[in-house]
Each structure stands twice: as structure tokens, then as C-alpha cells.
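Notes follow once the structure below has been shown.
Readers should treat all values here as calculations from the given coordinates under stated rules, not as data from a laboratory. Please read these numbers as outputs of a predicted model, since none were measured by experiment. Cβ coordinates were reconstructed from backbone atoms using ideal geometry, including for glycine residues, and neighbour counts include every protein chain displayed.
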Amino acid sequence: MGKIKFSRQKYNEMILSVITEAVHNEPDLRFGQILANLNIIKYEKYNGADPNITLITKDPFYEESEETYNKLRK
């Protein structure tokens, strides 16, 4: 049996459901912390010239919602 394929909108709704559950389970966390804890927002080491910057946010622009959702499920 193959995997069920959903629309991008449906994957976005499922991602929001996971985030909503995390908000309810961890009421003291800030929203950014929740996104980072769920690995929706990722950080990488900064190797540039500014010594005051150690981490930068990795832009998930090209990551499809299906991929984001599948990462949440792991």
C-alpha cells in the first residue's frame, strides 16, 4: 500500500494541529521555543565575520509542508 498524499493546505493544517497540541502541553513556553523544540525552526552555526553572532536561523523556504509534517512525526 502506498502513502496517502494530501494537499499542501491539509499538511499545513496537520502541522498546526501538532503545534496546537504542544501549546496546550507546554503552556509556559514561548511560541518560538515551541517551533524550535518541534524542529520546525532550525539553527546552524554561523561562520561569518561578526564575532557576536554564533547561530543563525535556517530558512525553511523550500521545504514542502509534507516534509515538515513527516519530520514532526519522527
On the formula 1/(1 + (r/R0)^6), with r taken between the Cβ atoms of residue 30 and residue 10 and R0 of 25 Å, the FRET efficiency rounded to 0.05 is 0.35
Residue 17-residue 64 pseudo-label distance in nm [points 7 Å out on the Cα-to-Cβ vector]: 2.0 nm
For the chain: rounded, prolate or oblate by the Cα gyration tensor [a/c cutoff 1.5]: oblate
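Note down the magnitude of the dipole of the chain about its Cα centre, charges +1 on Lys and Arg C-beta and -1 on Asp and Glu C-beta and zero elsewhere, to the nearest 20 debye.
Numbers: 11 positive and 11 negative charges, 63 e Å.
In total the dipole reaches around 300 debye.
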Once normalised by the length of the chain, the mean sequence separation of its alpha carbon contacts under 8 Å that are 6 or more apart gives a contact order in percent of 36 percent
Quick one: Karplus J couplings for segment 34-50, per residue in order, coefficients 6.51, -1.76, 1.60, θ = phi - 60°, nearest Hz, x for Gly and Pro? 4, 4, 5, 5, 7, 6, 6, 9, 10, 10, 9, 5, 8, 10, x, 7, 7
When the chain is modelled as a GNM with alpha-carbon springs shorter than 10 Å, which of 62, 43, 11 fluctuates the most? 62
Those trypsin sites (Lys or Arg not before Pro) in segment 1-35 that DSSP places in a loop and that have at most 14 other beta carbons within 10 Å: 3, 5, 30
Residue by residue, what Karplus-based ³J(HN,Hα) values in Hz, rounded to whole numbers, does segment 52-67 have, using 6.51, -1.76 and 1.60 with θ = phi - 60° and x for Gly and Pro? 7, 10, 10, 10, 10, 7, 7, 6, x, 3, 8, 7, 6, 4, 4, 5
Candidates 36, 49, 22, ranked by Gaussian network fluctuation over the chain, Cα under 10 Å, top entry: 49
222 nm [θ] for the chain, helices only, -39500 (n - 2.57) per DSSP H run of 4+, per residue, to 500? -14000 deg cm²/dmol
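Note the count of lysine pairs whose C-alpha atoms are less than 19 angstrom apart in segment 8-73, limited to pairs 8 or more residues apart or on different chains.
Number of lysine pairs found: 5.
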For segment 6-22, 3J(HN,Hα) per residue [Karplus equation, 6.51 cos²θ - 1.76 cosθ + 1.60, θ = phi - 60°, Hz, x = Gly/Pro]: 10, 6, 4, 4, 5, 4, 4, 5, 5, 4, 4, 4, 5, 5, 4, 4, 5
Residue among 41, 53, 19 with the largest mean-square fluctuation in a Gaussian network model of the chain, springs linking Cα atoms under 10 Å: 53
